[in-house]
1. Can you tell me the 0 to 90 degree angle between the C-alpha axis of helix B:148-164 and the longest principal axis of chain B, rounded to 10?
2. Which whole number gives the average count of other chain Cβ atoms within 10 Å of the Cβ atoms across peptide B:230-239?
3. Under the definition of Cα pairs under 8 Å and six or more residues apart, what whole-number percent is the relative contact order of segment B:8-68?
4. Please list 3J(HN,Hα) in residue order for segment A:3-20, calculated via the Karplus relation 6.51 cos²θ - 1.76 cosθ + 1.60 where θ = phi - 60°; whole Hz, with x for glycine and proline.
5. In whole percent, how big is the carbon plus sulfur part of the accessible area of chain B, probe 1.4 Å, protein atoms only?
6. Check residue A:132: other-chain or 5+ apart residues with amide H under 5 Å from its amide H, H built from backbone geometry?
7. Could I get the Rg over Rh figure for segment A:154-261? Both from C-alpha atoms, Rh via Kirkwood, rounded to two places.
8. Relative contact order, percent, of segment A:2-175 when contacts are C-alpha pairs under 8 Å separated by at least 6 residues?
There are 2 protein chains.
Amino acid sequence: MFLQKEINEQPQVIARLYQEERDNIKQIAAAIRAFDPAFVVIAARGTSDNAARYAQYLFGAQAGLSVGLSAPSLHTLYQTPPTLKRALVIGISQSGQAEDVRRVLEDANKQGALTLAITNNIESPMAKTAQYHIDLMAGEEISIAATKTYTAQLMTIALLVAELVENDAMRAVLADLPRSIQTTLDYSADIPNWADRYRYMTQFATIGRGYNYATAFEISLKVKELCYITGEGYSEADFRHGPIATVGQGFPMVIVAPQGVVLPNVQDLINKLKERGAELLIISNDETVLAMGLQQMRVPVVPEWVSPIVTVIPGQVFAMQQALVRGYAVDKPRGLSKVTVTQ
Amino acid sequence: MFLQKEINEQPQVIARLYQEERDNIKQIAAAIRAFDPAFVVIAARGTSDNAARYAQYLFGAQAGLSVGLSAPSLHTLYQTPPTLKRALVIGISQSGQAEDVRRVLEDANKQGALTLAITNNIESPMAKTAQYHIDLMAGEEISIAATKTYTAQLMTIALLVAELVENDAMRAVLADLPRSIQTTLDYSADIPNWADRYRYMTQFATIGRGYNYATAFEISLKVKELCYITGEGYSEADFRHGPIATVGQGFPMVIVAPQGVVLPNVQDLINKLKERGAELLIISNDETVLAMGLQQMRVPVVPEWVSPIVTVIPGQVFAMQQALVRGYAVDKPRGLSKVTVTQ
């Protein structure tokens with residue numbers, strides 16, 4: 001089973017990125033400071049789009065840069081690319097073969113923007129189109145559900161922002177991260193013990209906020225890809241504007257709630273969900289919050305800005321276990337291929 | 001039943017906006033041209049967030065402006081607002097009481113950005129915070145599920161872009177729109193005849209692309225709010241990157257597929273979904289595409305860029321009918337309030 005193997009490789013992948021790609025990232029950070037972008041645009045699809053959501057918070061909070069997600073069809077189908085000449089434009093794709101994302105980079109180059117591709121293939125079309133490239137160095141990912149390339153994308157973004165603001169405290173946190181990821185994997189060994197309970201779950205929702213908005217989306221995507229059930233990832237705030245109406249007795253919800261600035265808001269929502277009888281599966285490093293869940297998915301204490309790199313891991317393991325208890329093909333879900341080329 | 005009444009008021013609301021708010025919008029458009037923004041940031045939650053998705057395509061394709069959606073928690077919870085001084089910052093909210101969106105406008109003012117609020121209440125905190133305000137003029141919306149204020153938001157954005165680029169052809173299309181909306185309502189009178197079939201539907205998905213990406217999200221939100229079932233809106237492209245795995249025999253999908261540049265791509269996805277045995281409910285003005293659906297929700301022929309203002313209407317009626325056949329409270333869904341203030 002490649003999926004299990006790839007999930008377990010994450011400490012080594014993150015350590016390798018830190019050791020071998022940091023010099024390249026330092027040079028790119030210097031080029032970005034010299035370019036002095038007015039804003040950042042990120043183009044991505046699927047799992048990589050969730051990495052872009054993380055980048056929106058990290059660039060915004062740590063580097064003061066406003067990040068927007070690209071609408072690639074403006075470049076491909078409509079052929080009316082917006083003005084990007086003052087932008088840092090980043091394309092993210094595991095395979096580097098996303099043709100629509102590559103087109104965004106190409107249009108941005110023509111306009112004089114600064115372009116960067118983040119892929120797991122240095123020979124890919126996207127890597128060759130962008131002015132700069134960061135290699136995810138994750139090794140081949142065989143399972144169709146992306147796991148190690150997702151956390152490698154987050155780590156790459158975190159390294160880039162840490163070098164952009166030249167912050168030693170951030171660098172130290174990232175150097176220590178492989179250990180926290182290993183601890184998370186050790187904690188997650190408990191998940192198979194209670195996975196059976198969700199064998200006949202047919203719908204669910206996931207919630208996160210701030211940095212972990214991305215995590216909620218990514219866990220939702222993993223469960224959908226691997227288990228063929230509908231569900232959705234939400235921001236804690238957006239969930240209150242409508243979707244909370246779907247929650248009744250026993251409704252299963254994965255809540256991503258590590259310690260940090262947004263935790264009081266998430267905790268308040270947890271209380272409201274408990275009143276409605278929701279069944280809560282909580283990912284946290286806070287004892288009080290963990291105790292509010294029927295299922296407790298523990299992660300180690302890390303600073304909030306880097307927490308998405310650990311909080312997604314129990315979600316990956318949960319999604320994999322759900323596929324296993326249902327007898328589904330874990331490495332090759334029905335109707336998906338590893339490389340999806342959209343226009 | 002206020003919901004039905006408010007859905008039916010949409011032709012008058014759109015006509016009123018065109019007649020009474022256009023001079024104000026012209027002045028705002030002139031101010032935006034003078035400011036010459038490097039990019040646009042839109043802050044919104046819930047239904048208004050879907051209006052922002054429409055704006056991303058319209059500003060991009062027609063005015064060459066790159067639009068990003070704001071992460072309000074960077075302003076409220078994290079208190080690290082990104083740099084917005086070269087941006088046009090637009091806050092959208094029916095009530096004008098979204099405190100997090102107001103904070104984005106306030107921070108943008110401090111930085112020297114150009115700020116605009118679009119609300120249905122000229123006395124609201126957001127209207128008073130922004131430098132400019134556009135009144136939706138929709139009259140009081142009593143039903144909790146937003147309908148007429150959503151199409152009014154789209155019309156406001158369309159009017160603003162038409163005035164920004166001073167395009168007479170666009171103006172003419174918008175002047176004629178109330179008639180197309182009335183025609184759509186007339187066509188939608190057929191929906192109650194087949195609504196019963198979906199009485200026990202427990203999950204669904206909606207698909208759109210380009211301009212109608214917003215429509216897919218908004219219809220999904222209406223069904224979730226009114227019927228308490230899980231579902232999700234997708235871009236045609238994103239759906240191929242994972243969620244397509246959830247589609248099996250009989251899976252119900254609402255496909256927004258009016259004539260336009262993206263239709264061939266959506267049509268290709270429709271074929272793939274039919275191969276998987278999905279049950280298709282199609283919103284279109286194209287006879288060939290309509291014929292591919294088990295249920296046909298017809299809309300009149302309008303230019304693609306304005307089509308979201310009509311294509312959402314059968315979705316509103318479908319969501320209302322589903323609530324009715326299930327015996328749910330249509331005007332006040334369980335656990336929702338008209339004004340949701342998040343931070």
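The values are calculated or read from the model by the stated rules, or taken from the named source; none is laboratory data. Keep in mind that what you see is a predicted model, and the values were worked out from it rather than measured. When we count neighbours, we look across all protein chains shown, and the Cβ atoms used for this are built from the backbone with ideal geometry, even at glycine. Ligands, DNA and RNA are stripped out before the accessible areas are found, and what is left, the full protein with its side chains, is counted by its heavy atoms. Shrake-Rupley method; radii C 1.70, N 1.55, O 1.52, S 1.80 Å.
1. The two axes meet at around 50 degrees.
2. Average neighbour count from other chains, rounded to a whole number: 6.
3. 30
4. Karplus values, whole Hz, x for Gly and Pro: 4, 4, 4, 5, 4, 6, 6, 4, x, 5, 4, 5, 5, 5, 4, 4, 6, 9.
5. Details: 5070 of 10720 Å².
Heavy-atom surface of chain B belonging to carbon and sulfur, 1.4 Å probe: 47 percent.
6. A:115, A:116, A:117
7. Working: Rg = 16.7 Å, Rh = 16.1 Å.
Result: Rg/Rh = 1.04.
8. Working: 315 pairs, mean separation 48.4, N = 174.
Averaging sequence separation for qualifying contacts and normalising by length gives 28 percent for segment A:2-175.
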